[in-house]
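Read the figures in this text as sums done on the coordinates, not as results from a lab. Note that the coordinates shown come from a computational prediction; the quantities given were computed from them, not determined experimentally. Methodologically, a virtual Cβ is constructed for each residue, glycine included, from the backbone with ideal geometry; neighbour enumeration extends over all protein chains shown.
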Amino acid sequence: MVCIVDVESLGGGNKRSFRYDHYPEVERIQTKNGATFARKKDQEWMRSDDWAETGSKVSAKKSDELDSLVQYPFVALDDKITTHDQTQGAVVVRLLKREAIEDTERLYYEEGREKQTGFDYPQFVFSKAKTEPDEKALLLGWAGIMRTGSERIHVNMTYSFLFRVNVQESTTGATASPSPSTEEPASPTAPGAVAAEDLHGQDAQIVADNLNYSREFYSGVHFVAIASLPSSFAYDRYPDDGAERFRCDDGTFARKHPGQPWVKSNDWGWTGVPVEKATAQKLEGWIKLVHAAFDVTPANIKLADKSEADGRVQWTFTAPSQDSKGSSTELVFDKPTYDSNQNALLHGFTAPLRLQDDKVVPGSSSDRVKFSFGYLVSIEGGDELSESAWEDMQQPKAGTSPSAAELKIGLTPNDAQGYVNRGDARAQYGDLAGAVADFRRALELDPKSVPAPRLESAYHISGIGRFERGAYDAAIADFSHAIELKPSDQDLYNDRGVAKWNNGDKEGAIADYNQAIELEPQNANAYNKRGELKRSQGDLDDAIADFTAAIGLDPKLAIAYKNRGDTKQAKGDNTGANLDLKRARELESGTTATESPTPIPVVTLPAPEKGKVYGFQDLLLHGKDLAGKVVQVEVLPKAGHETDLHDGRYCITLYDPKRVFGFVYCTKEGLQKMGFEDGTASKNQLIYLFMKKDKLTGTVFYTAVGTRFETGNDGNCTYSW
C-alpha cells in the first residue's frame, strides 16, 4: 500500500507532507525534505535508504513521531463506529456523486450526520471497474478534520498500491488479434472438478517435473515412506548419506550410512546385531521399490481428479497398464492450500511393480506396490516436527491464502523469479539444500535475482543442518560458499572451523579460528576452541594461553576454566589445575564459594521487546532476528522433570496460541517464585527470555532470566524472579 499524506493545521503554520509505503513485512516513511525511515515487522525504526536492511536507529522521540505518522493512513481504513449526537443525530453516510473515467467509476461519499451543520465532514473517494459492484471498490482518497491533542488539523490522503508480476517475453511471431467471441462464457469450475486449462496437453511433462521436484526436495529432509503393499513397513532416510531405518513386522533394522551393513537396531545403527543375507536383500529391494516411485512417468498419464480437503489441495494422475493383465498406475501430489508454488510433492503412489534380478520391472495386477510419502523437519534442540505440524506453523492468517480453485500444479520454472519463489518455498519447509540449488539456478538466469544476504543465510543454515547430521564435507562446502558472500562474518569461520575439526582437518580448523579472532578479537569461544585444538596437538603452553585469553574476555566461561585446569594437570601443575577445576564446578553449578574474593558481577541485558508476548512458534521461526534481545513469553503452570544435563534446572512448557509447544529451562529459584514447584500455581505465567546466538554453531537459543526487571541509568535492565 502507498499513501500520500498532506496535513495542515487549521490554526496556521507549515504544511506537512509525507509518503507512507506498507509491505506485509516492512514499512517506510519518506518526508518532504528527503529523509527516509523504515522498519521491519516487530522491529525498531531506522534512518535507512534500503528498507531497513542497513541504517541507524532513531531516537525514542523520533520513533514516537514516526509511530504517530503511521496512524494517519489507517484512520480511513478502520471500521467506522456508529455514534449518536443530541445536536446532530446519528452518523449517516451519503453518496455524493458518481464519476465515470474511461472504464472505471469513482464513488464520492460523505460521512455526515442526520442534522448537518457547517462542519467539514470526512469524505471518501473509491474507485472500481464499471462492471464491478460498489462493494468491490478500493479506497482512493480521504479528506477531513482530525484532532491531535488541542490542535485541529485538515488531512488529505491519497491511496494506491503496487504488486509484483512476472513478465515473460515471447519470441514467437505476431498473430492476428482475435475477434470478440459471441459464445456464452464457460461456466465456473465446480468445486472438486478439473479445469481443462490447468493441464491441457502437458500432463506427462507436469508429472515428470513434479517427480523431479519431489525427488530433490525429499533428498534434503528426513524422508519417510509408509508401505501397505507389497509388505507393511516404514522407511526413514536422513539426507546427505545419513542414517536409514526400516520398521516392519520382523523388527527394526538400521544403518548409519548407505552402503554399510544392515543391523537389527533400535538406535539408528549405532549398536545392533548384523542381519542375515536374505533380510539384507529384502531391505535393499524395498529401497529400490521406493525409489522407483519417483522414476515412473507413463507417457499416457492424465489428470483424473483435483480435490480439496483438510486445508490441502490434491491432484491425482492415473495411467492405464500397458499389460492387459496389469492394473493402473496412480500418483497423488498435494500441498497446503496456502502454498501458491506451482510445484507439489508426491504423497501417494500405487503401481504394478516387482523385483526381478535386483531390478524393478512392470508387474501384473498381483504385483501392486502402494506407498505414502512425507517428511520431518529438524527444529531447535534436536527435536523433529511432522510434516503436518510444520505446515500448520507456516499457515498464514485467515484471508491471505488463495482459494483451492486458484491453485495449480505446473511445470518447473524457467525464469529466475520462478526459481527464487520456489527456493523461498523450499527453505520454508526445511529443504535448505534444495533452496540453495534453486537460488543458484536463478543466479545463472539472472545474476541480480537473488539478494546476497538471502543466499548467504541459506548456505549458512544449510551448513549447520548438515553439520548436525554429520555430513561434514557438505557442511564445509556450504560454509565456504557463505564466506564467499560474506567474508566479514566471524560466525561463518567459527562454524567452518568446527566442521573442519570434526572432519579431521585440525590445521584448517585453527586457520579458521585465527580468522574469526582477527575479525572479532572479543570472541571468547573462538579462543577456547582454538585452545582445545592446540592441546590436542600437544601444544600445551599455547593452549593455556588461549584458555586464559578466553577467561579474560568471559570470566564466567566454565568450559575455559575446565580446559585450562585439565591442561595444567597434564603439565604437572596440580595446584593451578585444582583451582581452575574448582572454579569450573562453581560456575557450572551456579554457586560460588564464600571465600571467593571477587564477587560475580550482575549481568545486565537489554530492555524487553515491547508490545508482544511471543509464542514458541515465533521463537522457532524468527529466532535469528531476535538474537541479542529479551522477549516476553507465556509458560504453563507446571514443571517438567529435573534434568541432569542442565545442572539442576527444571524444564517448563512454553505456551503457543497454535498449540505448538516448546520448552525452556528454569532455575529452582524461578520455579519457587512462580509457585510451580509445589503445584500451587493455577494460571499461566509471563516470564522473560534472553535470546542468545551461539558463536560456534550459529544456533539461537533462549534462557529464562526472570519475571520482572529494573531499568538502569544506561537503559539496560537487571532481571530477577
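Go through K256/K288; K673/K693; K256/K335 and tell me which ones have a Cα-Cα distance over 22 Å in this structure.
Flagged as over cut-off: K673/K693; K256/K335.
Say R0 is 60 Å: what FRET efficiency, to the nearest 0.05, do R440 and V92 get from their beta-carbon distance?
0.50
Fewest to most neighbouring Cβ within 10 Å: what's the order for I226, I559?
Lowest to highest Cβ neighbour count: I226, I559.
Quick one: if you take sqrt(5λ) for each eigenvalue of the C-alpha gyration tensor of the range 1-165, what semi-axes come out, biggest first, whole angstrom?
One finds semi-axes of 31, 22, 13 Å for the range 1-165.
Between E53 and E710, what length in nm is gained on full extension when 0.36 nm per residue of separation is reduced by their alpha carbon distance?
This chain segment gains 233.4 nm when fully extended.
Determine, for C248, C666, the number of other Cβ atoms within 10 Å of each Cβ, and report the residues in order from fewest to most.
C248, C666
Taking one equal scatterer on every alpha-carbon of the range 196-390, how large is log10 of I(q)/I(0) by Debye at q = 0.08, 0.20 1/Å?
These q points yield log10 I(q)/I(0) values of -0.29, -1.48.
May I ask for the percentage of alpha-carbon pairs in the range 271-336 that lie more than 19 Å from each other?
56 percent
Quick check on the exposure proxy: order V450, V263, V273 from fewest to most C-beta atoms within 10 angstrom.
Placing the least packed residue first, the sequence is V273, V263, V450.
At q = 0.18, 0.19, 0.25 Å⁻¹, what base-10 log of I(q)/I(0) does the Debye formula yield for the range 521-594 when every alpha carbon is treated as an equal point scatterer in vacuo?
Calculated log10 I(q)/I(0) at the listed q: -0.62, -0.68, -1.08.
Could you work out, for the range 244-283, what percent of all Cα-Cα pairs fall into each 10 Å distance bin, beginning at 0 Å and stopping at the bin that holds the largest distance?
Answer for the range 244-283: a P(r) of 36, 61, 3 percent.
With the crude spin-label approximation of a point 7 Å out along Cα→Cβ, what separation in nm comes out for S340 versus K506?
The two pseudo-label positions are separated by 5.5 nm.
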